[in-house]
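K.L.:
Below: one structure in C-alpha cells.
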Amino acid sequence: MNRLGYLILYICLGLVALFQILPIIWLFLFSLKSNREIFAGSPFALPSEWRWENYLTVWEGGIGTYFWNSVWITVVSIILTSLLASMATFAITRMQWKLSKLVLGLFMVGLMIPIHSAIIPLFSMFLNVNLIDNPWSIVITYTAYNLPITMMILLGFYYTLPREIEEAAVIDGCSIHRMFFRIILPMTTPVLSTIVIINMIYNWNEFVFVNTFISSDGYKTLTVGIQNFIGQYMTDWGAIGATLIISLLPILLAFIFFSNKVVEGISSSAVKG
Amino acid sequence: MNKVMSNKWMIAIYILPALILIGILIFIPLILTAYYGLMDWDGIGTMEFIGLENYINAVQDVKFWDSAWHSSLLAVFSTLSLGVYLAISMILASKIKGSDLLRKIYLIPMLLSSVAIAQLWIKVFNPQNGVLNQLLLAIGVETPPNWLSDPDIVLYAIFIPILWQYAGFYILIYYAALKNIPESLIEAARIDGATPIQIAYKIKLPLIKGVVKVTVVLAIVGSLKYFDLIYVMTGGGPNGASEVMASYMYKLAFSTNDFGYGSAIGFLLLIITLIVTVIVRKLTADEEELQY
Amino acid sequence: MSKKAVTLLVMFLTLGLFVAGCGDEETGSGDSGDGETVKFMHLWPEGSSAEHNRIVKDIIADFEEENDGVTIDLEVLSNEQYKDKLQVLSTSDELPDVGMTWAAGFMEPYVEGGKFASLDDIVEGDLEDTFVEGTTEAYSVDGTTYGLPLELNTANVFYNKTIFDEYGLEEPETYEEFQEVIQTLAENGETPIALGNKDRWTGSLWYMYFADRIAGPGALTEAIEGDGSFTSPELTQAAEEVQNLVDMDAFNSGFNGLSDEEAKSMFMNEQAAMYLIATWDLPNYTTNEDVPQEFRDSVGYFDFPTVEGEGDMDSYVGGPGVGLFVSENSEVKEEAKDFASFFVEQWGEKSVTEAGVIPASKVDPESLDLPDMYVEVLNDLNNASNITLFADVQMSSDAADVHLDQIQALFGNEITPEDFAEAHEEALSEEE
C-alpha cells in the first residue's frame, strides 16, 4: 500500500481509538461530579468542583469486602469454566464417540436460556441443598452459565488443531491426560486467554444472581455495591461512577495482561510444537 | 490411535463434569420453566394447572410477536455487524505499527458494565443536552430527533449502543483466531505476490471459517435473548416500541405478576432461538464440518 | 502425574463443588442460641438514603435493647432489586419476617396467596389513632389490614419563583390561568413543565388530576373498581386535556424517552419552570445541602388548579408509599409484629424531622421544628377533602401496566382519548 493509503488508514484507526477511549474519560469525570452536574452539563465538561469525596463515600460504604468477594468469585469461576469447557470441548472435537453431536447440541441449547427464567427455579434448588446465601452457589452458577458460550468459542479453535499432533502423541505412548494437559492446553493459550477475558467481564459485572442468591453483606460483590447508591426516590450517581471506576481498574489490568497472552501464546507453543 | 481416543472411561471423565453441571443448573430450570408455563401462577400464591392455555395465548399475543420481531431485527443487525468487526480485526491482526496498542484501546469499552454503558448512551441520546443532538444542532439540523421517545426511531437508536457494546467481544475472538493462523502460510502467499486484500479473502477467511460460524450463532442467540440495555434505557417503551422478547418476559414474570405466562414466553423464546439456530447451522454447514 | 491421579483430581474437583457449600452453617433465622431472630428487609441503602438507613438502625438498636433475646437480622436492597427479590423469596415461602410492601395492587397477590399476616390486632390495638385517616385502607383487602403505612405522599406542582417573576406570572388557580402561564413561558422560549414519562407514572399524575378536577374526586376510583367507566364523557375529556397540554408544548421535548430523574434535573437546573411531583421530593427544595440554597429558596408549590370552575383544590392525587408487612408463615410472628408496631411508633416524628419523610402516622407540625414548606404540606394534608390513590398503585399489576403504556401512548399522541378509554375498559374487564 502506498503512503497516502496508510495515512488515511491511521487517521481512521486513530479516530476510532479516540472514540473508544472517550467513555473511560467520561466515566472518570462522571465519578467526580454531583447529580446536578451529571444531568445538566455536557458529559465531557470538567466538574466545577472535583468531588473526590465521592470515592470516600464509596470507600466508607464497605467496598473492601465486596471487592475481595468479586475477585475470588471471578477467579475461581474462570478457572473452573476454562478447565471444564476445555475438557468437554476436547472430548467432543477430538475423541470418537457416537453421542458427541447430541451432547454438543445440549451445550448449545444451554446457551439459549434467558437468565430471568432460571432465577426462580435456581433459587428453590439452592434452597433445597442449603446453598442460599452461600458464595459457592454463585461460583457454580457462573461456571455453568458461562460453559456453553466458552465452549462455543473453544470449538472453532479445537477444530483447527492438526490431528497429527495427537497421532504423534499416541504413538509415543502418551496418555490422554498427558496429551490434554501438556500438549493441547498449552497450544490453546491464545484462545484460553480470550475466554478468560470474556468470562472475567461476565462474572465481574454480573449482579442478578448475586442479588438473588446472596443476602448477607459479607458475601456480596461489587455490582451490589452499586445498588447501595440507588435509593427509593433518589440515586447518588457520582458515587456510582466512583464505584464503577474502582471496579474497572482491576479488570483493566487483568485485561491488558491477558490481552498480551492472546498474542504470545501462539509463538511459544509454535516453538514447542 | 482410535482405541485411545474412543476410550469410554476417558470420554466420560472429560465430558461429564461439564455436562452434569449444565444438566443441573441449566436444564432443570429449563424444564421447570416449560412446566411453569403450563400453570396459572402469579409467582406468589398457589399454582393452578391450565394446560397449554399460556402457550396458546402467547401465540395469539400481538405484543409477543412485536417483541419477537424487534429481537429478530436485532439479530439481523448483529449478524451484519460481524462483517465490520471482522474487517477491524483483520487490520488489527496485520503487522501494522501500533496495532497492539490500538487493539487494547478498541477493546476497553467492553470492560464497562451495562450500568455504565446505559448511563453513557442516555447522555448521548438526551434530546436537549445530549451530545448527539448538540452536534446535529451545531451542523444545522433544526429539529433533531427525539431518539428514545419517538416510537419510529427508538428501536434503531437503541441498537447502536448494543452493537457497540458487543464489538469488543467479537473483535477479541476474531483477533485470537487470526493470530492462530500459522505465519508461514501468509508469508508464502505474500512471496507469491498476493495483495493484503487477497490474503484476507483467500487465506485468512477460509482458515477461520469455523470461528466465524460460531460467532454468527453467538450473535443470533445473544440478540434473541438480549435484555440489559433495553431494560435500563427505555424499559421497552414508549408503549412497547422497543420491547424485545426477554424484556417482555421479564415484565410479565416480575412486574405484572404473570409468572406462568412469563415462563411460557421464556420457553417460547428458547424454542424460537433453537429453531433459528438449527436453520442457520444447516445453511452454513459444509462437508468439511461433517467429518468431525 | 499418573493417569489415575489426574482422573481422581478431576473427579474430586467436580464433587468438591457441590459439597463445598453444603457444609457451611446456616445463617438466618433461629440459630443464635436461645434468642429469636427476626429477619427484616428494607430498601433504604446507606449510600442513597443515609438518614432513613440510620433511623432504621437506631430503631433496631432500641428494639433489641428493650426486647432481650430478640435479634433483628437485616438485609438492605435497592428499590428494583427489592421488588424482584421479594417475588423470588415468595415462591419458596422464604419471605422475611418483616419487610416492606407497596399498597393495593402490589400487595394483593401476596395477600391472596396467604403470604402476609393480618395486622388488624395492631391497627386496632397499640397503634389505634396513630395513622392519618385513610392511609391504612390502602393496605386493606376485604376489610383486613395487611400493612402498616410509613409514608404519605401527595402530588403538587412545584414551580420556580425566579422564572415566574421574570415573566410576571403568579400561581394559577384555574386551568385557564394555568394555560396562560404555559403559553407565556412557551412563547418566551422557556420549557414550561419538566416531564420524564419513560417512568410512565409521572404522566399518569397529570391524567389523574384532570380526572379528579373534571369528573370529581371519586370518579377515577369508581372507574377502576368497575362502578364507573373510563368511557364517561368526563374521563374522556380528562384524557383530551392531557393531549391539549402536549399540543401546547407544555412539556419538554422527548419526554417519553426521559426518566423522571432526568426531568427532575431539568427543573433543578432551572431549565424548566414547573414540575409535578409528589412530596417525597420535599428535601430537595428545603433541607438537602447538596442543592444550592438559592435554588431551594426559589421553589414554591401550588395545588393543581380547578378546571372550568369544577373541582376541589383540596382533593389530591397521592397515597402511602411503602408500608411494613409481617409474613404469615413467620416462625417468630409475635416478635415480628412487636417489631413492626415498635417501628411505626418510632418512625413517625423521627422520619419527618430527620429524613424529611411525610409519615403516614399523625404528627403535629406546630410542635416540630420544620421548614415552612413541610408545615404547609402537613396542613394541606390535614385539610385534604380526598386523596385519590395513584392509579397504577390502585390497579392490579396487569391493568396498571396497560394503564401506564396507554399513558405513554396518549402523551405521544399515538392514540385518541377514546382509544385510551376503551383500552382501560378492556383491561379492567379482563380482570373479572
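K.L.:
Take the residues in region A:93-105 that are more than 7 Å from chain B (Cβ to nearest Cβ) and in contact with a helix residue (DSSP H, G or I) (Cβ under 8 Å, 6 or more places away or on another chain), then tell me which one is modelled with the lowest pLDDT.
P.N.:
Among those residues, the one meeting the criterion is A:100.
K.L.:
Select from region B:24-56 the residues that are exposed (fewer than 15 other Cβ atoms within 10 Å of the Cβ) and within 14 Å of chain C (Cβ to nearest Cβ) and write down the one among them that is nearest to residue C:109 (Cα to Cα).
P.N.:
Top of the filtered list is B:46.
K.L.:
Among the residues that make up region C:201-221, is at least one of them in contact (Cβ under 8 Å) with a residue 60 or more places away in the chain, among the basic types (Lys, Arg) and under 27 Å from residue C:418 (Cα atoms)?
P.N.:
yes
K.L.:
Does region A:43-52 contain at least one residue that is among the acidic types (Asp, Glu) and facing chain C (nearest Cβ under 9 Å)?
P.N.:
no
K.L.:
Could you give every pair whose Cβ atoms fall below 8 Å, whose first residue belongs to region C:128-142 and is in a loop (DSSP other than H, G, I, E, B) and surrounded by fewer than 23 Cβ atoms within 10 Å (Cβ to Cβ), and whose second residue is modelled with pLDDT of 85 or more and hydroxyl-bearing (Ser, Thr, Tyr), counting only separations of at least 6 or pairs across chains?
P.N.:
Going by the 8 Å Cβ cut-off, the qualifying pairs are C:130/C:361; C:132/C:361.
K.L.:
In contact with a strand residue (DSSP E or B) (Cβ under 7 Å, 6 or more places away or on another chain), part of a helix (DSSP H, G or I) and of a type in the set (Gly, Ala, Ser): which single residue out of C:263, C:273, C:238 fits that description?
P.N.:
Just one listed residue meets the conditions, C:263.
K.L.:
Test residue B:149 against the stated conditions and say whether it is buried (at least 19 other Cβ atoms within 10 Å of the Cβ), within 14 Å of chain C (Cβ to nearest Cβ) and of a type in the set (Ser, Thr, Tyr).
P.N.:
When the stated conditions are applied, residue B:149 passes them.
K.L.:
Name, by its number, the condition in (1) in contact with a strand residue (DSSP E or B) (Cβ under 8 Å, 6 or more places away or on another chain); (2) under 30 Å from residue A:24 (Cα atoms) that does not hold for residue A:215.
P.N.:
(2)
K.L.:
Next up: Every residue in region B:188-208 that is in contact (Cβ under 8 Å) with a residue 40 or more places away in the chain and within 9 Å of another protein chain (Cβ to nearest Cβ), please.
P.N.:
Matches in region B:188-208: B:196 only.
K.L.:
Still on this structure: Would you check if residue B:205 is among the aliphatic types (A, V, I, L, M) and closer than 25 Å to residue B:115 by Cβ?
P.N.:
Answer is no for this residue.
K.L.:
Just one of (1) more than 14 Å from residue A:72 (Cα to Cα); (2) more than 9 Å from chain C (Cβ to nearest Cβ) trips up residue A:217, so point out which.
P.N.:
(2)
K.L.:
Which numbered condition trips up residue C:359, out of (1) assigned by TED's automatic domain parsing to the domain that holds residue C:99; (2) surrounded by fewer than 22 Cβ atoms within 10 Å (Cβ to Cβ); (3) within 24 Å of the chain's Cα centre (by Cα)?
P.N.:
Single failed check for residue C:359: (2).
Matching residues to (1) modelled with pLDDT of 95 or more; (2) farther than 21 Å from residue C:401 by Cα:
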{"site": "C:193", "(1), (2)": "yes, yes"}
{"site": "C:215", "(1), (2)": "no, yes"}
{"site": "C:219", "(1), (2)": "no, no"}
{"site": "C:227", "(1), (2)": "no, no"}
{"site": "C:233", "(1), (2)": "no, yes"}
{"site": "C:243", "(1), (2)": "yes, no"}
{"site": "C:251", "(1), (2)": "yes, yes"}
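K.L.:
While we're here: Only one of A:138, A:153 is facing another protein chain (nearest Cβ under 7 Å) and within 28 Å of the chain's Cα centre (by Cα). Can you tell me which?
P.N.:
Exactly one of A:138, A:153 is facing another protein chain (nearest Cβ under 7 Å) and within 28 Å of the chain's Cα centre (by Cα), namely A:153.
The values are calculated or read from the model by the stated rules, or taken from the named source; none is laboratory data. Please read all numbers here as calculations on a predicted model, not as lab measurements. Note that we place each Cβ from the backbone using ideal geometry, even for glycine, and neighbour counts take in every protein chain shown.
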